[in-house]
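Here's the structure we're looking at; comments come further down.
The values are calculated or read from the model by the stated rules, or taken from the named source; none is laboratory data. This is a predicted model, so every value here is computed, not measured. When we count neighbours, we look across all protein chains shown, and the Cβ atoms used for this are built from the backbone with ideal geometry, even at glycine. Protein only, heavy atoms only, side chains kept; ligands, DNA and RNA dropped before computing areas. Shrake-Rupley method; radii C 1.70, N 1.55, O 1.52, S 1.80 Å.
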Amino acid sequence: MEARDASAGVVVGSDGEQKTAKTAAALKKRDRAASQSKMEQLFGFKKEDLTSWSSLVALLNRPTDPASLGIFRCLFGLLMAVDITQERGLSHVDYKYLDGAPVCRFPLFNFLKPLPMDWMYLVYLVMFLGALGIMLGCLYRLSCLMFISTYWYIFFLDKTAWNNHSYLYGLIGFQLTLMDGNRYWSLDGLRRPSIRNAHVPLWNYTLLRTQIFIVYFIAGVKKLDADWVEGYSMSYLAHHWLFDPFKAILPVELVSLLVVHAGGLMLDLSAGFLLFFDATRPYVMVFVTYFHCMNSQLFSIGMFPYAMLATSPLFCYADWPRRFFGHFPACLGGVLPLTSAGPQPSSSCVYNKAPGRGGRPTPTASKSPKLRFRHKMAAVFTLAYILEQFFLPYSHFITQGYNNWTNGLYGYSWDMMVHSRSHQHVKITYKDGKTGEVGYLNPGVFTQSRRWKDHGDMLKQYATCLSDLLPRYNVSEPQIYFDIWVSINERFQQRIFDPRVDIVRADWSPFRPNGWLMPLLVDLSPWRTKFQEIESTLDNQTEIVFIADFPGLHLENFVSEDLGNTSIHLLQGSLNVEIVEEKKNYSLQAGENIQVPAGAYHRVYTVSEEPSCYMYIYVNTTEAALQQNFTKLLDLQERIRNGTETEPLPPELQPLMWTGDDDGSEVNATDPVVRLFLKRQRRIKEVKKRREAGVLERLERFTVRKYYAIRRGFLMTAIAVRNLAVGLPPLEQLTQEVAFANMKEPEAEGKHDDERLKDEAGHGEL
């Protein structure tokens, strides 16, 4: 990998000298390649480099061009600066932490608490300045420490925000702290000529390359899961407009199976390997670039696709920036990275020959390089870190308390997009420990997160928090019970936790299995094929929900008055259905069904010895009637516009004659259905207009939206720093300052309405 001579990228003054230098470099490269073994040509090192500890240490500390590392450092710092204002939450710190409000939080360690609001803004400011310092290579070590200390604090403060790429950012920040990332294109290099354009040890590249290899490869290994291979994990993605070219030649089912799932599996398994080799690298870089660009449109994952794009050049020869920027005009040399070859020697590296002038080796009497303590420790750290990163994704047998239907805390396992979940029913019941009074809580009360529904450790934290808060509302010694129904990868909806267990007093340990976790009914997975057959027989207005329940348990359900013709069909097992108001019980066997009344409660008891499987089939009669009215109104409006409607309109329908370009028709409409129809039509028109906007208009809208979000973050940070420095201003002044910071872009009004109508208008704008 590092066999290329740095002198191949030299740029000299005259054209003749440049051609001579390139010719000499090409001849030298050819001669060197002829003398190299096959292994050295493929991997960049010889077999002898692995035969002893000292040779391995010398290999990992081999002098390497700092150019590629310097460019990556700059890109990573830039992306993290942007990420801090968005996914890390600088633009909404006050909404995220709700200083002083009764809020349930989910830190990794319960003793971790957010600081007061103004101090949290200061934490974010320190993190942002650290990212900026990394990008510029200014006070590099201090900047790295500023970034990773605040980053990991915020990361550990909220488990609900964990994901794989956030974890990866923290790892890369930690690695850069230990590396010589400021040796190329940095302000530190301008201040300290001794480090400018100096060699970096090979382990700097080895760590980063191996880390990215692990991200790809382990993600591919995790996708060998049967649900992914069979196409159940991300089947909904095939309906996205990005896959329309594939749907032109393949049915959507094959697009999901072959393109989304099989393609994603093969790319993840192979990309890490193919990026290492010269022959395959150009081709795989095209595929991974396309892959990450698609991900940036498919998922709301912030800077992750761009961060992964920034890592791809790390697998190229380390001097690629010199050759790349060498093609730019000489007048830009003052602002572009160095293109001159010959990095100067560095004490961080081990030289087989004594480094001479310009960093070029000169013969020395010593045959073996001198290994210092720092070189050996660097090698030990590199090997230990790589082993640890391979071990962590499979360490769930240690932290068994965090295991649920999927293993471990989501974030360090690299099981990206392998599992999709849907929640059908969530009920929180509290019981007064003294009076026995039973009541119910709105799901998600006292918290802004929804991820507690899938993780036992977070559920325990949530229940403990609720037990601390409910006494304020005259509930003594509260007991908390959760009834949560989840479907994972298109299986039956089933309970994930035992609804009979008081979670407040339930035992939980990070190192023992969770005793109140209900098992995933994997034996019922083959039913998913049957689900597709049943759903294909239904019309567009009929909805269906598939349920599986455990023996001895029951589901209490309320059927809304909007849901007419609701029935329960038993697929497997035995049921008793109790109609609460009628005080009647009905027994069901496999293949039987029963109609349940709307506007009333019923209970479904599983009385068989095996889990029961059944389905609800229903029609939203209110919505169906509304859609029928909308269809009639749309037909009438079309007839009015093309002049074929000859009958006089009654007053309540006359607003249909308006063009709909303003709100006048909606304001003057007296009939609520007509008013709702006109409002819906206007908003569908707005969404369609936004979708069909040109590239420049979309770019302008995107820029304006980001500007106001970033603007708010920095204005609120300035207010917080001022408060810490000189104290709080009068309340009226503070209110005005916050109102100024909260100023939104034009067209922000109605944004939420547009979001609700995206599905009706077709593909939503990305």
Residue by residue through segment 311-334, note down the ones that are closer than 12 Å to residue 72 by Cα and either open to solvent by less than 10 Å² (accessible area, probe 1.4 Å) or polar (S, T, N, Q) (or both). 311, 312, 314, 315, 318, 321
Given (1) outside any helix (DSSP H, G or I); (2) open to solvent by 80 Å² or more (accessible area, probe 1.4 Å); (3) modelled with pLDDT under 80, residue 755 misses just (1)
Criterion first (assigned to a loop (DSSP other than H, G, I, E, B), at negative phi and open to solvent by less than 80 Å² (accessible area, probe 1.4 Å)) does residue 545 satisfy it? no
Considering only segment 461-489, state which residues are on the phi > 0 side of the Ramachandran plot and surrounded by 20 or more Cβ atoms within 10 Å (Cβ to Cβ). 489
Taking the options 683, 705, name whichever one is out of contact with any Pro (no Cβ under 8 Å at 6 or more places or on another chain) and either among the aromatic types (Phe, Trp, Tyr) or open to solvent by 70 Å² or more (accessible area, probe 1.4 Å) (or both). 705
How many residues does segment 139-167 contain that are out of contact with any Leu (no Cβ under 7 Å at 6 or more places or on another chain) and either at pLDDT below 95 or closer than 18 Å to residue 85 by Cα (or both)? 18
With criteria (1) of a type in the set (Gly, Ala, Ser); (2) at pLDDT below 85; (3) within 30 Å of residue 737 (Cα to Cα), residue 713 comes up short on (2)
Note on segment 609-644: residues open to solvent by less than 50 Å² (accessible area, probe 1.4 Å) and either over 43 Å from the mean Cα position of the chain (by Cα) or hydroxyl-bearing (Ser, Thr, Tyr) (or both) are 612, 614, 616, 618, 636, 637, 640
Among the helices (runs of 4 or more DSSP H) lying completely within segment 63-161, list those that include at least 1 residues that are open to solvent by 50 Å² or more (accessible area, probe 1.4 Å) and hydroxyl-bearing (Ser, Thr, Tyr). 93-97, 140-157
Taking segment 502-540 and keeping only residues that are outside any loop (DSSP other than H, G, I, E, B) and polar (S, T, N, Q), one is left with 529, 532, 536
Looking at segment 37-66, I want the residues that are of a type outside the set (A, V, I, L, M) and modelled with pLDDT of 90 or more and have a partner that is crowded, with 21+ Cβ neighbours inside 10 Å and not in a loop (DSSP other than H, G, I, E, B) with Cβ atoms under 6 Å, at least 6 apart or on another chain. Which pairs are those? 61/201; 61/375; 62/202; 64/200; 64/202; 65/6; 66/200
Pairs needed: first member in segment 588-606, farther than 11 Å from residue 576 by Cα and modelled with pLDDT under 95; second member anywhere, among the basic types (Lys, Arg) and open to solvent by 50 Å² or more (accessible area, probe 1.4 Å); C-beta distance under 8 Å; at least 6 residues apart or different chains. none
Here are 346, 340: which of them is in a loop (DSSP other than H, G, I, E, B), at pLDDT below 95, in contact with a strand residue (DSSP E or B) (Cβ under 9 Å, 6 or more places away or on another chain) and of a type in the set (Gly, Ala, Ser)? 346
When you go through (1) under 28 Å from residue 80 (Cα atoms); (2) among the hydrophobic types (A, V, I, L, M, F, W, C); (3) in a helix (DSSP H, G or I) one by one for residue 743, which number turns out not to apply? (3)
Name the residue that is most open to solvent (accessible area, probe 1.4 Å), counting only residues in segment 246-286 that are free of Cβ contacts under 8 Å to residues at least 24 places away in the same chain, assigned to a helix (DSSP H, G or I) and of a type outside the set (A, V, I, L, M, F, W, C). 283
Does at least one position in segment 189-203 carry a residue that is surrounded by 23 or more Cβ atoms within 10 Å (Cβ to Cβ), in a helix (DSSP H, G or I) and either at pLDDT 95 or above or of a type in the set (Asp, Glu) (or both)? yes
Scanning segment 650-663 residue by residue, the ones that are modelled with pLDDT under 80, surrounded by fewer than 16 Cβ atoms within 10 Å (Cβ to Cβ), under 16 Å from residue 640 (Cβ atoms) and of a type outside the set (S, T, N, Q) total 2
